[in-house]
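The structure follows.
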Amino acid sequence: MAFKSSILADLDWRGLIFQTTHDELDELLANEDVTLYCGFDPTADSLHVGSLLPILMLATFRRHGHNPIGLVGGATGLIGDPSGKSEERNLLTSDVLYHNLVCIGEQLRTILDRALEMHPETLPKPVTAEKIPIVNNADWMGPWSFIDFLRDVGKHFRVGNMLGPKTRSSHGSKSESKDCRTPSSATC
C-alpha cells in the first residue's frame, strides 16, 4: 500500500507495518502535525530494552514533524508494579520514585532530543529543534483526592461489575483492591 504520510511510508519501508485499520490516519498524518505520547513505568531507575521500540517510534514521529510527548508515570508508580500478580505489589518510597522519575526523564530527554541529529539530511521536512516535553502524570493526578476521583470518574463505572465473580476470581490475592485502582489494569 502506498502511504501519503511520510511517517507511515517510512515505517512501511522499514517493515514495521503489517496492516492498518483506519485509512483516515494516513490522511491525518499527511496533512497535520499530530501530538502523541507514550508512557514509561518508573519502577526502576533505568529504561529497559522493552522501552526501545516505543522510544524509537516517538523519535521517528519527531523526525517527521509530529509532536511526541514522553510520559513518566509518577502517579501510577505510587500504586506499585503490577507485574507480580500472585504477590503483593512492590511499593516504592517517595524518594526512590522521585530518583527513578529523574533518571528515566534524563534518559528519554537524551534519546528523544537527539532524534533530529541522526542523519539530518534524511529529514522529510524542516523540524523545529524544540525540546520534546517529558511530563509526569503525578502533576495532574496528584492533586486529586480519592473522593474527587470517585465523584468525577467513579460515577461512570458500576461497582457490581468491578466486584463481580469474574473480577474477584482472577486474582484472589491481597493485591486485587489495588488492581481496581490502576488505570492500566485489564481486570476493571
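The values are calculated or read from the model by the stated rules, or taken from the named source; none is laboratory data. Just so you know, these numbers come straight off a predicted model, no measurement behind them. As a convention, Cβ positions derive from the backbone with ideal geometry for all residues, glycine included, and neighbour counts pool all protein chains shown. In case anyone asks, the SASA skips ligands and DNA or RNA and just uses the protein heavy atoms, side chains included. Shrake-Rupley method; radii C 1.70, N 1.55, O 1.52, S 1.80 Å.
Under the rule of at least 5 residues apart or a separate chain, name every residue whose amide H is placed under 5 Å from the amide H of V135.
Amide H neighbours of V135: G70, L71, V72.
Another question, if that's okay. What residues qualify as long-range amide H neighbours of W144, i.e. H under 5 Å apart, gap of 5 or more or another chain, H built at 1.01 Å from N?
Result for W144 returns nothing.
Further, regarding this structure: Note down the nm distance, to one decimal, between modelled labels 7 Å out along Cα→Cβ at E32 and at N67.
Spacing of the two 7 Å Cα→Cβ label points: 1.1 nm.
Counting alpha carbon pairs within less than 8 Å and at least 6 residues apart, what relative contact order, in whole percent, applies to the stretch 36-83?
On the way: 42 pairs, mean separation 27.0, N = 48.
Relative contact order here is 56 percent.
How far, in nm, would the chain grow between T21 and T93 when pulled straight, counting 0.36 nm per residue and subtracting the alpha carbon separation? Mind showing how you got there, number by number?
Working: separation 72, 0.36 × 72 = 25.92 nm, distance 4.20 nm.
The T21-T93 span can extend by a further 21.7 nm.
On the accessible surface of the stretch 96-152, probed at 1.4 Å, how many percent belong to carbon and sulfur atoms? The partial results should precede the final answer.
Numbers: 2500 of 3950 Å².
About 63 percent, which is the carbon plus sulfur part of the accessible surface.
Given labels modelled 7 Å from the Cα in the Cβ direction, how far is it in nm from K4 to M57?
2.3
Quick check: net charge around E117, other residues with Cβ under 15 Å of its Cβ, Lys/Arg +1 and Asp/Glu -1?
+2
At 1.4 Å probe radius, can you tell me the per residue accessible area of the stretch 1-155 in Å²?
Working: 9770 Å² over 155 residues.
That works out to 63 Å² for each residue.
Note down the net charge around L25, summing +1 for each Lys or Arg and -1 for each Asp or Glu among other residues with Cβ under 12 Å from its Cβ.
Values: positive: K4; negative: D23, E24, D26, E27, E32.
The answer is -4.
Also: Can you compute log10 of I(q)/I(0) for the stretch 20-150 with the Debye formula, treating each Cα as one identical point scatterer, at q = 0.09, 0.12, 0.20, 0.22 Å⁻¹?
The calculated log intensity ratios at q = 0.09, 0.12, 0.20, 0.22 Å⁻¹ are -0.34, -0.57, -1.15, -1.26.
Let me ask something else about it. I want the local charge near S145. Using Cβ-Cβ distances under 11 Å, sum +1 for each Lys or Arg and -1 for each Asp or Glu among the other residues.
Local net charge: -1.
Let me have the relative contact order for the stretch 1-156, percent, based on Cα pairs under 8 Å that are six or more residues apart.
Details: 183 pairs, mean separation 39.6, N = 156.
This gives 25 percent for the stretch 1-156.
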